[in-house]
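Working notes for the structure below.
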Amino acid sequence: MSPQGAEKLVMAVDFGETNSSVSHTLVHEGLLSESVISLSPTTVSNYVSGMMTSRGSSMHLEVPTLLRYPVDWVFQPLDELKVEQPGAIRHDNHQIRWGLEVQQDMSRVMSHSDNNQMLLHGFKNLMSQSDNHQMQNARLIETLRRLSQKRSCPSEIPIREMLLLVIIDYLTKLLAHAKDEIVGSKSISTTEMVICVPVFWNQQALRDMQTCVSIAMKRVDFPGVQFSGDCMENIFMISEPEAAATRLLAGPSVIKEGDVFTILDARGGTCDALTYVVTQGLPLRLSRQVVHHSGDSCGSSALNDAFRQLLRTLLAGHDYLSQDGATLEGYICKLAVHDFEHLIKAGWVVSEHSKDYSLEVIGLKFDAGDPNQAENPRLRQPNQLTIRSEHLNEIYTKVCKKVSAIMEQQLHAAAQSGLEICKVILTGGFGESIPLRTHLRQSLESFNAANNCNVELYLFDTHNRMTAIDAVSLGGVLRALDKSNGPTRVARSSYGVRCDEPYFHELHAGQPTIPGFQNSNEHYVEAIEWISKKGDDIAPLFQKSATRYQTFPYWNADGTVNHGPFVCQEEIWVSDEAYLDCRSFKDDHNKGMAPETWPSQPPLTKLDAQRIGVIVTDVTHLRPRFLRKTAQARGPRGRYRRYWYWKFPYELVLIIDGLNMKCVQVFNGQVIGEMKVGIAPGFTPGAN
């Protein structure tokens, strides 16, 4: 029974490529459902730093997705983290710098020149198999490879696993801060976690993100969290665009049932456009995408990347800056990721009247941005670099054109499908850029004139005085408070259990077999029985039972009666492709691959059937209830001999309840072992 006054916490994480946010609300137990829907979530802030944003800025609602590891940081493999006890944060965890701390570091040239302290940013992009940010990904992969050299295990940690370890460390920092801000003296009985995910992530990436969040939540020992194995219970997933739409389009004056609109999600690393039909106005529900989504690596970080390339051109030949530990590349990185980000980027307006901008570069012999100084030594002014306004205008225009091209792809695709889009909803942090908004308005004017339509660019800070910075995390909370009428529960992955099936030619022809462990005359197929199958409609409450039995030797090697230990084991498997039963886990259909065999080299190979959990139940105390069975086998001289073995029959009950699957071992009506697996990644984000 929950203590009096206990509350349920609903918390959403928007793990972004450049910035992240956490929103939450508390639900008093016993609150009526219609009252729950009206709750207003809030966003965690107070990410303290010596270099804070202004109070009037909405940027205090998010924190940079940045990490910097110290010299000689030793990584633990994922298997070690999975078995840690709640609250087991390393004593030296404070040495990892994150968020605004790293942003401060980035203001110093030496921070970018020192390879001993590894700076990591944009690592979310590696979670997908996207080709976006190829150069950045190559640098990230090399950094992860160097970091992996120091580890607590003898075997090499694959790049994919290193990526998950980095994400876990970042989420641990983020959620520890959220815990400090949220919990206080509150009595939290249950915590539900909402994970906001990109619409184009595959099921493997969703499962990986679920693992990362679960381990981070266990590390910070968040109240009200229940774990089964290494997975947190009560996880809900929602796509980032739908979460943003839930927050921003909730008002009845914005859209109505039947409207067709495009979400243009301009974020830090990428820009994505998706077109939906509104199937329900209040609360907002969207149909599946009506045309294929458009996207490219033209988020706000593309401006930094282009500025970095400009700097390399301007500072070519100034290698003398590499001295006393500083490097030319360190100067370039500092100017691109700090000075441009905080001094130029937010306030730049693309105009023929824009003025040049001057940056300080200590040690620069003359202004490399002024061509006159290179030719005339008498004009030289040291320690400064002029950035010509036409160069900045060109950078902004090029990136904004890519964003508008993504938008126009959706508009044309919708028109070809006979759909009339009424609004383009601009979301994401980059969506607050004035040059981007100006360019999109101009593009829409041209499109409307050419196609005789009236598509509107909808900006929430203009119409609703509402920021889009934290719209994804806030919308994630709102969507979790009312999950009704979400996407249909069509399985996008198959979940099942390993079982040794007696060989029958009609069912198992062509499958490899193994002899019985106790009766070598029997033959079995090491099969996977898929319970939830890809492509099937899965009921919110589903149960299936099957008789199982485990056999054990009756005699020990020394001739004494075997008294144990006796263990019953079940393996839980998942596949994003397989769905046929009566197939060996080694069959081409299943392509069995245990997690420890993940490839270490990019591109990240798509995996199929994987073992994701194991139930290990000690049944030694039930040995008096075992059945003593008799079998015979051919001896070395060709004669048959009889022998005894133990047989332990039990029931395996598999229950799907919402977004959880529970595997229960039952003997004589009593539960002897169980394990829960979160299967939210096995459905379309938003399904309940």
Problem set entry | Pairs, first surrounded by fewer than 18 Cβ atoms within 10 Å (Cβ to Cβ) in segment 318-341, second at pLDDT 90 or above, C-beta under 6 Å, six or more apart | ASP319/LEU328; SER322/LEU328
Exercise. Residues of segment 141-158 being buried (at least 22 other Cβ atoms within 10 Å of the Cβ) and either among the hydroxyl-bearing types (Ser, Thr, Tyr) or assigned to a helix (DSSP H, G or I) (or both), which ones?
Worked result: LEU144
For this session: Only residues in segment 190-215 that are assigned by TED's automatic domain parsing to the domain that holds THR172 and without any contact (Cβ under 8 Å) to a residue 60 or more places away in the chain count as the first member; pair them with residues that are surrounded by fewer than 23 Cβ atoms within 10 Å (Cβ to Cβ) and among the basic types (Lys, Arg), Cβ under 7 angstrom, at least 6 apart or cross-chain, and list the lot.
Result: none
Problem set entry | Within segment 6-22, considering residues that are of a type in the set (Asp, Glu) and under 19 Å from LEU206 (Cβ atoms), the one modelled with the highest pLDDT | ASP14
Exercise. In segment 651-676, what count of residues is obtained for those that are surrounded by 21 or more Cβ atoms within 10 Å (Cβ to Cβ) and either in a strand (DSSP E or B) or modelled with pLDDT of 90 or more (or both)?
Worked result: 6
Exercise. β-branched (Val, Ile, Thr), within 22 Å of GLU17 (Cα to Cα) and within 24 Å of the chain's Cα centre (by Cα) - does that describe any residue in segment 62-73?
Worked result: yes
Problem set entry | Residue that is farthest from SER20 (Cα to Cα) [pool: residues in segment 427-453 that are touching a residue at least 24 places away in the same chain (Cβ under 8 Å) and outside any helix (DSSP H, G or I)] | CYS453
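The values are calculated or read from the model by the stated rules, or taken from the named source; none is laboratory data. Keep in mind it's a predicted model, so treat the numbers as computed, not measured. Counting neighbours? That spans all protein chains shown, and the Cβs are built from the backbone with ideal geometry, glycine included.
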